[in-house]
1. Got a number for residues in region 264-290 being in contact with a Pro (Cβ under 8 Å, 6 or more places away or on another chain) and among the acidic types (Asp, Glu)?
2. What are the pairs, 6+ residues apart or on separate chains, where a residue within region 33-47 that is in contact (Cβ under 8 Å) with a residue 12 or more places away in the chain and farther than 16 Å from Phe284 by Cα has its Cβ under 8 Å from a residue that is of a type in the set (Ser, Thr, Tyr) and surrounded by 20 or more Cβ atoms within 10 Å (Cβ to Cβ)?
3. Going through region 342-369 one residue at a time, which ones are modelled with pLDDT under 95 and farther than 21 Å from Leu161 by Cβ?
4. Please indicate, with yes or no, whether at least one residue in region 242-250 is closer than 30 Å to Leu82 by Cα and among the aromatic types (Phe, Trp, Tyr).
5. Six or more apart or on different chains, Cβ under 8 Å: which pairs go from a residue in region 427-456 that's assigned to a helix (DSSP H, G or I) to one that's surrounded by 15 or more Cβ atoms within 10 Å (Cβ to Cβ) and of a type in the set (S, T, N, Q)? Could you list them?
6. May I ask you to verify whether Gly377 is of a type outside the set (S, T, N, Q), surrounded by fewer than 22 Cβ atoms within 10 Å (Cβ to Cβ) and under 28 Å from Arg175 (Cα atoms)?
7. Evaluate the following for Ile30: is it closer than 26 Å to Ala19 by Cα and surrounded by fewer than 21 Cβ atoms within 10 Å (Cβ to Cβ)?
8. Tally time: how many residues in region 231-273 are among the aliphatic types (A, V, I, L, M), closer than 19 Å to Gly437 by Cα and in a helix (DSSP H, G or I)?
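The values are calculated or read from the model by the stated rules, or taken from the named source; none is laboratory data. Computed from a predicted structure; not experimentally measured. Note that each Cβ is placed from the backbone with ideal geometry, even for glycine, and that neighbours are counted across all protein chains shown.
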Amino acid sequence: MMSTIDRGHWSSKLGFILAAAGSAVGLGNIWKFPYITGENGGGWFVLIYLICIACVGLPIMTAEIFIGRTAQSSPVGAFRALSRPGSPWIGVGWLGVATAFVILSYYSVVAGWAMHYAWLSISGAFARISPDQIAPIFATGDLSDPGLYENAPLNLLWHILFMGLTIAIVIGGIRGGVERWARILMPVLFLFLLVLLGRAMTTEGFAGALDFVFGPHSDKLTPAGVLEALGHAFFTLSLGMGAMITYGSYLKSDDDLVTTSITVSVLDTIIALVACMVLFPIIFAYGMEPSAGPGLVFVSLPIAFAQMPAGSFWATLFFVLLTFAALTSAISLLEVAVSYFIDEKGWKRSRATLLCGGVILVLGIPSALSGGTELFGAGFQSATGALGIKEGAGLNWFDFFDYLASNWMLPLGGLGIALFVAWRVGGEAREQGFRAGTQYGRLYWAWIHLLRYVVPIGVVLVFLNAIGLLGILDEIAW
């Protein structure tokens with residue numbers, strides 16, 4: 001039964017833009033994008049990523065906001081309202097809600113790492129130890145205590161704290177919780193990032209980083225890297241998980257969805273690029289490898305900070321920034337789940353938030369324990385390896401959930417949204433909705449053709465890569 005309670009709306013266009021940008025700007029920008037850029041050699045990888053954002057990410061984002069604004073409902077209710085009774089399209093809405101649960105369950109563990117490193121920086125822990133003692137803090141090493149990745153109790157503690165903070169914000173509602181904190185966190189995040197960029201510009205590695213990120217070189221780029229850029233476009237813009245449908249549902253019917261979609265996409269992309277220009281100059285200045293993978297932020301960067309003048313201050317600034325970015329995205333993920341129970345079940349926000357937050361917290365416990373237990377670590381890795389995942393090597397619980405969401409759930413959700421808007425929604429209603437309140441109505445033709453043809457091709461390629469059918473391309477000269 002659909003709820004008749006007042007769902008609320010954003011108090012202003014700026015409030016929506018900051019909240020939507022907060023959803024898009026997260027660990028994907030500041031943690032994941034820099035390290036996959038480093039692994040793929042920068043240069044052409046960055047250019048291809050920008051093309052993927054423009055041709056795939058932006059059209060899907062506009063489609064998601066269009067669905068939410070038109071239906072004034074969360075993902076499940078939105079697809080029900082815009083399709084025939086009993087239509088299978090409602091499954092796309094259910095997928096968005098499920099994806100939000102899955103992603104936030106392990107996302108909060110990574111956010112917990114950021115919180116732990118912020119605490120270590122504030123307490124001056126990095127300044128009291130030598131650089132060669134920093135790497136074991138995250139990974140396994142020769143020290144007597146396990147690294148953070150394998151320290152199950154510590155992982156679990158930070159996971160609980162981060163989820164508690166997210167629940168406390170979402171329970172405050174759209175204006176009093178989500179929008180209020182977006183107005184606080186996003187400007188502070190931008191300020192911290194600019195201060196760190198200013199510091200990075202003073203290092204000897206800035207010129208080399210500028211060439212690495214934007215120079216016309218492709219020595220490490222492979223077909224798999226191209227598809228990774230495409231897949232990351234879904235993750236970084238919070239697409240396919242119902243977040244933008246949910247946030248769009250709090251817009252008024254004449255709010256400009258085109259301008260807001262472009263603004264959010266541009267802000268998200270700028271922050272990802274600035275994050276690279278914060279990290280890589282420091283990495284290059286201290287003779288480290290940009291291709292350090294996931295450890296770029298949690299191993300290489302703290303080692304560099306430990307050798308910098310006032311390193312504790314800069315480390316604190318960076319990891320607080322990373323925590324804020326994670327929090328703004330987590331808020332939107334929890335809001336997707338909460339909005340379902342408010343809209344579909346008529347629950348009060350407090351009840352829906354506590355239930356959804358509690359379920360996600362419990363679902364995230366195996367991810368928090370993945371590095372330090374046999375059941376969710378090596379044992380689960382053996383089970384997934386037997387299924388042929390990752391060329392038979394398998395994945396632990398944490399990595400499997402990341403693989404499932406990034407390679408299957410997000411692209412499938414994005415594909416469903418694109419096909420639904422492009423082929424199922426009535427042409428006249430779709431065009432009127434796109435043009436409502438915007439001066440960029442002339443972009444309608446490009447938008448609909450990208451949704452109909454370019455987006456499906458891109459998603460199919462992501463799927464083929466996920467199941468290994470495109471692996472042979474890695475052996476072809478690029």
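1. Number of matching residues: 0.
2. Every condition considered, the pairs that remain are Phe33/Tyr49; Phe33/Thr236; Phe45/Thr37; Val46/Thr37.
3. Ile342, Asp343, Glu344, Lys345, Gly346, Trp347, Lys348, Arg349
4. Looking through region 242-250, at least one residue is closer than 30 Å to Leu82 by Cα and among the aromatic types (Phe, Trp, Tyr).
5. Pairs that qualify, where the first residue is assigned to a helix (DSSP H, G or I) and the partner is surrounded by 15 or more Cβ atoms within 10 Å (Cβ to Cβ) and of a type in the set (S, T, N, Q), are Ala429/Thr70; Gly433/Thr70; Phe434/Thr62; Trp447/Thr62.
6. no
7. Here the answer is no, as Ile30 does not meet what is asked.
8. 6
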